[in-house]
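Reading through the structure tokens given below for one structure.
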Amino acid sequence: MKQAARDARAKGRLLGLVPTMGALHEGHLSLVREAQKQCSPVVVSIFVNPSQFGPSEDFKKYPRTFDADIAALEKLRVDYVFAPPPEEIYPPGFRTSVVVEGLGDVLEGRVRPGHFRGVTTVVAKLFEIAQPRFAFFGRKDAQQARIIRQMAADLNLDAEIVVCPIVREADGLAMSSRNAYLKGSEQQGATALYRSLDAMQREVAKGERDAGRLIAAMRAVLGAEPGVTPDYVEIVDADTFEPVVSLRKSCYALIAARVGATRLIDNALIEQDGDFFRVTV
Ligand code: AMP
């Protein structure tokens, strides 16, 4: 992979990297298509990164669909798939990590201690191996994208971070490899995350600007759905990820919730546009 990356660079080509944990769905493939618009060659990495899973999390049972992933990427004519075995990324004696201070301690980082340290460390390694000029991430993981952008800036990395829209099912559910865990009626219950963001969007359209009342509107939808337990529902500044009191220039409404035994996240981007606020789910 390093040699292919060096060759691409020597020829003045723009290598695009799409890091994934496999179990590919349309969300991942949308990142690949965006990468192909802007870059050549395009590298998709498939690596279920053990260091970003907590000890009681789902690393062992995380869906692995390698053959189907390769077929989907071949169909898109992706140039390279980089799928290293874990011991190549973390050989015995491995002891270095990359930590973005502060941003990784709140929200997902609070509920999943060590998660972002695992993410930034592996992404830094993938960047060093594939040497991308552009790297593509989904807004589905908004906090992750923000942290990686910070890491790239702080460490003078060459990779420009491109954040792509959330791809959803027809019923609004944000696509996720973990949706495969949802059983029976949980599928319908899981749409409560999207529906609560949608309810928030309608409140914003009616003129509501108060974060507390918008959060209450989201919680009301989640609370009405049996089997859905929120981890957090917050509206934060898109830059600092600190809670806001009322809507401002650019913020995220972020939800994490358990649906049965499955933990899902979703979010909406809220941007000021003159006197209006535009909500993108
Ligand atoms: P993962 O395989 O879950 O680590 O995700 C790999 C990349 O795909 C990350 O940048 C995610 O944010 C992105 N991604 C996952 N689901 C979606 C989605 N529904 N829409 C857009 N991007 C997504």
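The values are calculated or read from the model by the stated rules, or taken from the named source; none is laboratory data. Note that the structure is predicted; figures quoted are calculated from it, not measured. Because the Cβ atoms are built from the backbone with ideal geometry, glycine has one as well, and the counts that use them run over all protein chains shown. These accessible areas exclude ligands, DNA and RNA; they are computed on the full protein's heavy atoms, side chains included. Shrake-Rupley method; radii C 1.70, N 1.55, O 1.52, S 1.80 Å.
Only one entry in L197, L254 is within 16 Å of the ligand (Cβ to nearest atom), assigned to a strand (DSSP E or B) and within 20 Å of Q272 (Cβ to Cβ), namely L254. Per the listing D79, D67, the residue uniquely without any contact (Cβ under 8 Å) to a residue 40 or more places away in the chain, more than 30 Å from E242 (Cα to Cα) and in contact with a strand residue (DSSP E or B) (Cβ under 7 Å, 6 or more places away or on another chain) is D79.
Residues in the stretch 150-170 that are open to solvent by 60 Å² or more (accessible area, probe 1.4 Å), within 14 Å of the ligand (Cβ to nearest atom) and free of Cβ contacts under 8 Å to residues at least 40 places away in the same chain: E169, A170.
Within the stretch 180-216, the set of residues being crowded, with 16+ Cβ neighbours inside 10 Å, in contact (Cβ under 8 Å) with a residue 60 or more places away in the chain and among the aliphatic types (A, V, I, L, M) comprises L182, A190, A192, L193, L197, M200, V204. If L173 satisfies all but one of (1) under 19 Å from M21 (Cα atoms); (2) surrounded by 20 or more Cβ atoms within 10 Å (Cβ to Cβ), what's the number of the condition it fails? Result: L173 passes all but (1). Scanning the stretch 108-144 for residues that are within 15 Å of the ligand (Cβ to nearest atom) and β-branched (V, I, T) turns up V119, T120, T121, V122, V123. Answer with yes or no whether I147 is assigned to a loop (DSSP other than H, G, I, E, B), at pLDDT 95 or above, within 14 Å of the ligand (Cβ to nearest atom) and within 23 Å of P243 (Cα to Cα). So I147 fails the test.
Summed over the stretch 1-18, the residues that are open to solvent by 10 Å² or more (accessible area, probe 1.4 Å) and near the ligand (Cβ under 8 Å from one of its atoms) give a count of 0.
Go through R146, R117 for me and flag whichever is open to solvent by 10 Å² or more (accessible area, probe 1.4 Å), more than 26 Å from V281 (Cα to Cα), among the basic types (K, R) and under 15 Å from the mean Cα position of the chain (by Cα). Write out each step before concluding.
Details: R146 fails: more than 26 Å from V281 (Cα to Cα).
Checking each option against the conditions leaves just R117.
Filtering the stretch 217-233 to residues that are small (G, A, S) and either under 21 Å from the mean Cα position of the chain (by Cα) or open to solvent by less than 60 Å² (accessible area, probe 1.4 Å) (or both) leaves A217, G227.
Considering only residues in the stretch 19-47 that are in contact (Cβ under 8 Å) with a residue 60 or more places away in the chain and in a strand (DSSP E or B), the one that is nearest to the ligand (Cβ to nearest atom) turns out to be P19.
Test R139 against the stated conditions and say whether it is in contact with a Gly (Cβ under 9 Å, 6 or more places away or on another chain) and within 24 Å of R178 (Cβ to Cβ). Can you show your working first?
Numbers: in contact with a Gly (Cβ under 9 Å, 6 or more places away or on another chain): no; within 24 Å of R178 (Cβ to Cβ): yes.
It is false that R139 is in contact with a Gly (Cβ under 9 Å, 6 or more places away or on another chain) and within 24 Å of R178 (Cβ to Cβ).
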